[in-house]
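Presented below is the structure to which this report refers.
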Amino acid sequence: MKGSIIVNTDWEKGVINKNIYGQFAEHLGRCIYEGLWVGQDSPIPNTDGIRNDVAGALQKLNIPVLRWPGGCFADEYHWKDGIGPKENRKRMVNTHWGGVVENNHFGTHEFFQLCELLNAEPYICGNVGSGTVQEMSEWVEYMTFDGESPMASWRQENGREKPWKLKYFGVGNENWGCGGNMRPEYYADLYRRYQTYVRNYGDNRIYRIAGGANVDGYRWTEVLMREAGHLMDGLSLHNYTVPGSWEEKRQALGFDEAEWFETMKKSLYMDELITRHSAIMDQYDPGKRVGLIVDEWGTWFLTEPGTNPGFLYQQNTMRDALVAGLHLHIFHNHHDRVQMTNIAQMVNVLQAMVLTEGPAMLLTPTYHVFEMFKVHQDAQALATYAEVDRYEYDGDSIPQVSVSASKAQDGCIHISLCNVHPGESANVSLELRGLEEMKKISGTVLASDEMQAHNTFDQPERVKKEAFTSFQQQGQHLDVTLPPMSVVMLSIAPK
Ligand code: AHR
């Protein structure tokens, strides 16, 4: 396959918000417990209960923001159960996820500690579905009030003298479904009410995020923007990449090219969703003040055989790497409206960065994409134009190559490329328009010779990034050969 791509190195379109690289950690399966939190008494090396190996790996991703405690769990979570001496914390049933006991050992203090360790901004999702206005209001007071107040004093008794900084707060989750099965009109009114008591204390300024639509629930977006748009900073959107159907999902491994193609095509659907939700938001907010917050996205397959179906544990292959690359490119393109996204989820759940088994840990192909792409965070998106062949399968087709380019603050240009064809390489001529001379070009590639390629605890480095050298410079052009099913990052330092 041949293609030509123009990167306009002097045409800056706007900043790619680093929060597009956000993550999500829910009290679900082995994400929090075992994956992130093992407790101080665990033989697994930890820092105040947080796993050192997992935290160390995640630190390398420069995670800008972390959403917690759910998901569906958020609308059943009562934060007061998760503070104070651990032995006194309430044991409850995680009714939504696997019916297991939740001992509440990981609560507000532990979450902020995790964020500090990862240098990530906390994004807390409050309980609208089964919680009260008072409960939500007191949580914000507990976390952010500096001075004398019942909640601030309680926080101090529990060992935290100064308030934390909390910027991002979600008022409920999926309130059309697990968050209360509400109609948009009803939720819009509840949103207006609950957010009133999400106070800004001192100089802490909260960015309020309203629970948004599911997939193509355009009416939800319409009603929320119309009735409450002026009272929100962000509106969320959830969409998972599910080959097969929601009722009949497919496996994470053991798929064929038909499912590969279907997964790629469904990833590209995110572009249509953002375009159409944004068009509705534009009617009420033409200045694009309100951010579209895609705070749940990623692949959702059948759970790994032999694991608790309520734990949503799945393997992660080269296919997931390409799903991640395509989504991140789409989010970059919509940088004017998309202010944050949070892939679901960070550890051991759905499209995870890392998987753990007892004391062992592995990095997934998705992890490597996030690591390679972190240079795009807060960089200026550059205008690109691509003319590439299509990947045809069974009478259908999608573009074979996807590209995104950005300019970092130091002037370095980063170009990421995804070749979604599982069997064909792509020869791409890249024109770097506006760039007089290039000082140094380097590249990294994540590729494999097999669609199913993934890392296991026996073979944790089957899929890993490597140096990429399949390019040749011809003046302002770079002739690049992308291997089949690959993700490539080129870094170009100007003279
Ligand atoms: O990420 C798993 C679940 O998917 C979340 O809890 C929920 O919000 C969504 O339906």
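The values are calculated or read from the model by the stated rules, or taken from the named source; none is laboratory data. Since the structure is predicted, the reported quantities are computational estimates derived from the model, not experimental observations. Cβ placement follows ideal geometry from the backbone for every residue including glycine, while neighbour counts extend to all protein chains displayed. Surface areas here come from the heavy atoms of the whole protein model, side chains and all, with no ligands, DNA or RNA. Shrake-Rupley method; radii C 1.70, N 1.55, O 1.52, S 1.80 Å.
Pop out the ³J(HN,Hα) list for the stretch 149-159 in order, Karplus 6.51 cos²θ - 1.76 cosθ + 1.60 with θ = phi - 60°, rounded to Hz; leave Gly and Pro as x.
7, x, 6, 5, 5, 5, 4, 5, 4, 8, x
To check you understand DSSP bridge types, tell me what percent of the beta bridges within the chain (both residues inside) are antiparallel, rounded to 5.
60
At 0.36 nm per residue, and after removing the present C-alpha to C-alpha distance, how many nm does the segment from ALA383 to GLN474 gain when stretched out fully?
30.6 nm
For LYS86, list the aspartates and glutamates whose Cα falls under 15 Å from its own Cα; do not include residues on the same chain fewer than 8 positions away.
ASP41, ASP48, GLU102, GLU110, GLU157
Could you please report the charge total around ASP189, scoring K, R as +1 and D, E as -1 over all other residues with beta-carbon less than 14 angstrom from its beta-carbon?
Value of the local net charge: +2.
Starting from the Cα-Cα distance between ARG193 and SER245, subtract it from 0.36 nm times their residue separation and give me the gain in nm to one decimal. Before the final figure, lay out the partial values.
Details: separation 52, 0.36 × 52 = 18.72 nm, distance 3.63 nm.
Computed gain between ARG193 and SER245 is 15.1 nm.
Measure out, as a whole number of angstrom, how far apart the alpha-carbon centroids of the stretch 1-67 and the stretch 206-267 sit.
Their Cα centres are 20 Å away from one another.
Order these peptides, 396-405, 94-103, 38-47, by their mean beta-carbon neighbour count within 10 angstrom, highest first.
Working: 396-405: 20.7, 94-103: 16.8, 38-47: 13.7.
Descending mean neighbour count gives 396-405, 94-103, 38-47.
Whenever you get a sec, compute what percent of the accessible area on the chain sits on carbon and sulfur atoms (1.4 Å probe).
Accessible surface attributable to carbon and sulfur in the chain totals 46 percent.
Where both partners of a DSSP beta bridge lie in the stretch 12-166, what percent of those bridges are antiparallel, to the nearest 5?
Antiparallel: roughly 45 percent of the beta bridges in the stretch 12-166.
Per residue, how much accessible surface does the chain expose to a 1.4 Å probe? Answer in Å², no decimals.
With the other protein chains kept in place, the chain gives 38 Å² per residue.
If pairing requires two Cys Cβ atoms under 4.7 Å apart, which cysteines of the chain are left without a partner?
Unpaired cysteines in the chain: CYS31, CYS115, CYS125, CYS412, CYS418.
Using a simple spin-label model with points 7 Å from Cα along the Cα→Cβ vector, what separation in nm is obtained for TYR218 and ILE44?
Using points 7 Å along Cα→Cβ, the separation is 4.5 nm.
Report, ordered by chain and residue number, the lysines lying within cross-link reach of LYS18, taken as a straight Cα distance under 21 Å and ignoring same-chain residues fewer than 8 apart.
LYS60, LYS165, LYS167, LYS288, LYS374, LYS407
Once the Cα atoms of helix 133-144 and of the chain are each reduced to a long axis, what angle between those two axes, in degrees from 0 to 90 to the nearest 10, is obtained?
70
Under 17 Å from the Cα of LYS2, which aspartates and glutamates turn up, not counting those fewer than eight places away in the same chain?
Correct list for LYS2: GLU387, ASP389, GLU392, GLU424, GLU431, ASP479.
Using packing as a proxy for protection, rank 255-267, 467-479 so that the peptide with the highest average count of other Cβ atoms within 10 Å comes first.
Working: 255-267: 19.2, 467-479: 13.9.
Put in order of decreasing packing, that is 255-267, 467-479.
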